[in-house]
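**Student:** A single structure is presented below for examination.
Laboratory data are not the source of any read-out in this text; all were calculated from the coordinates shown. What you see is a predicted model; the values in this text were computed from it and never measured. Positions of Cβ are backbone-derived with ideal geometry, glycine not excepted, and every protein chain shown enters the neighbour counts.
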Amino acid sequence: MSPERYARINALLDQRQPDLTLCLESVHKNHNLSALIRTADAVGLHDVHAVWFDRRGKVKGGTAMGSQQWVKVHHHSSTEEAFAALKQQNMQVLVTHLSPSAVHFREIDYTKPTAILFGQEKKGVSEQALALADKHVVIPMVGMAESLNVSVAAATILYEAQRQREAAGMYAQPRLSAAERHRVLFEGGHPIFAKICRRKNLPYPPLDAQGQIAADETWWQAIRSA
Ligand SMILES: C[S@@+](CC[C@H](N)C(=O)[O-])C[C@H]1O[C@@H](n2cnc3c(N)ncnc32)[C@H](O)[C@@H]1O
C-alpha cells in the first residue's frame, strides 16, 4: 500500500457523512442500483438502506466503479423496518414523490440528519412510505416525461444536500467515529488492511483519538511493501 493510497483512503473517510443516507424501496434494476451507490459514494454517504419486497437486487462493480466497497448497504424486509432503523438515528425521512403536497427539494434543510427515500422504477414509492414520511419532496418537472430516472433524481437531491453541507463546514471535520473507521479499515466490506495483516501475520493496530492508525514504523514498512 503506497502512502498516496493510504492518504486517499483517509481523505475519503474524513469526509464521510454518517447522518445522510438514501433509502431505496425495491429499486430493482441493477444498473440503477449501481449508479445510485456510485453517486452516494461520490457525495460521501457512508450507508445506504434498501427495502426488498421480493427479490434482492445486486450492485454490480461495472457501473458502480468500485464504490460499492465503500458504501455499506443495510437490507430491510419492509418499509416499516427501514423507517424504524432511520428514526432510531433521529433522521428526518424525506419521501420523494410527485404529490401535490410535496415540498420543492431545494427548500429542505439537509444539514439535519436526513434519509431520502426513493421508489421503485415502475410503481414509485409505497403507500406506507408516504404515510410515514416527515415530508414529501419533489423535483419540478416541466417536460413531457412525468418523472426522472431514479438515479438521476437521487443525484439531483444528493448534490443539493452536498452543497448545503459543504457551506455548513460539514465536510471540513471528520465525522465518522473511530470505531466505525476501524471497522472499515479492518473488519468491513472493504477491509483494506485486514488482508495485508493476515498475509503478513501482523497484528491489527489500534486507532488513536483522531481515528488515525496508531502503529509503529515496522508495521508501516510491512504494509508499504505489501
Ligand atoms: C421512475 S420514478 C417512478 C415513477 C412512478 N411511475 C411513480 O408513479 O412514481 C422512480 C422514483 O424516482 C423518484 N423520482 C423520479 N422523478 C422524481 C421527481 N421529479 N421528484 C421526486 N422524485 C422523483 C421517486 O422516488 C420515484 O419513486
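**Student:** Using the crude model of +1 on Lys and Arg Cβ and -1 on Asp and Glu Cβ, and no other charge, please compute the dipole size for region 5-56 relative to its Cα centre, in debye to 20.
**Tutor:** That gives a dipole near 280 debye.
**Student:** Can you find, among Y171, V142, P203, the residue sitting farthest towards the positive end of the charge dipole of the chain, where Lys and Arg contribute +1 and Asp and Glu -1 at Cβ?
**Tutor:** P203
**Student:** What FRET efficiency comes out for N30 versus S78 if R0 is 35 angstrom and r is the Cβ-Cβ distance? Round to the nearest 0.05.
**Tutor:** For N30 and S78, the calculated efficiency is 0.95.
**Student:** Also, quick follow-up: Under the 0.36 nm per residue contour assumption, what length would be gained going from the current alpha-carbon distance of K200 and T218 to full extension?
**Tutor:** Fully extending the segment from K200 to T218 adds 5.3 nm.
**Student:** Which one of I37, I213, I157 has the biggest mean-square fluctuation once the chain is modelled by GNM with Cα springs under 10 Å?
**Tutor:** So, out of I37, I213, I157, the one fluctuating most is I213.
**Student:** How big is the dipole moment of region 130-193 about its Cα centre under a simple scheme where the beta carbon of each Lys and Arg is +1, that of each Asp and Glu is -1, and everything else is neutral? Debye, nearest 20, please.
**Tutor:** 200 debye
**Student:** Nearest 10 degrees is fine. How inclined is helix 30-43 to the longest principal axis of the chain, computing both from alpha carbons?
**Tutor:** Around 60 degrees separate the two axes.
**Student:** Within 10 Å of each candidate Cβ there may be at most 16 other Cβ atoms; applying that plus a DSSP loop requirement, which trypsin sites (Lys or Arg not before Pro) in region 95-145 survive?
**Tutor:** Those satisfying the criteria are K122, K123.
**Student:** Just for region 17-167, what percent of DSSP beta bridges are antiparallel, to the closest 5?
**Tutor:** 5 percent
**Student:** Here's a follow-up. What GluC sites (Glu not before Pro) does region 123-219 have in DSSP loop regions with at most 12 other beta carbons within 10 Å?
**Tutor:** Within region 123-219, the qualifying GluC sites (Glu not before Pro) (loop, at most 12 other Cβ atoms within 10 Å) are E146.
**Student:** Could you tell me what fraction of 2.2 N^0.38 Å the Cα radius of gyration of the chain comes to, as a two-decimal ratio?
**Tutor:** 1.10
**Student:** Counting Lys and Arg as +1 and Asp and Glu as -1, each charge on the Cβ, what is the dipole of the chain about the Cα centre in debye, to the nearest 20?
**Tutor:** That gives a dipole near 780 debye.
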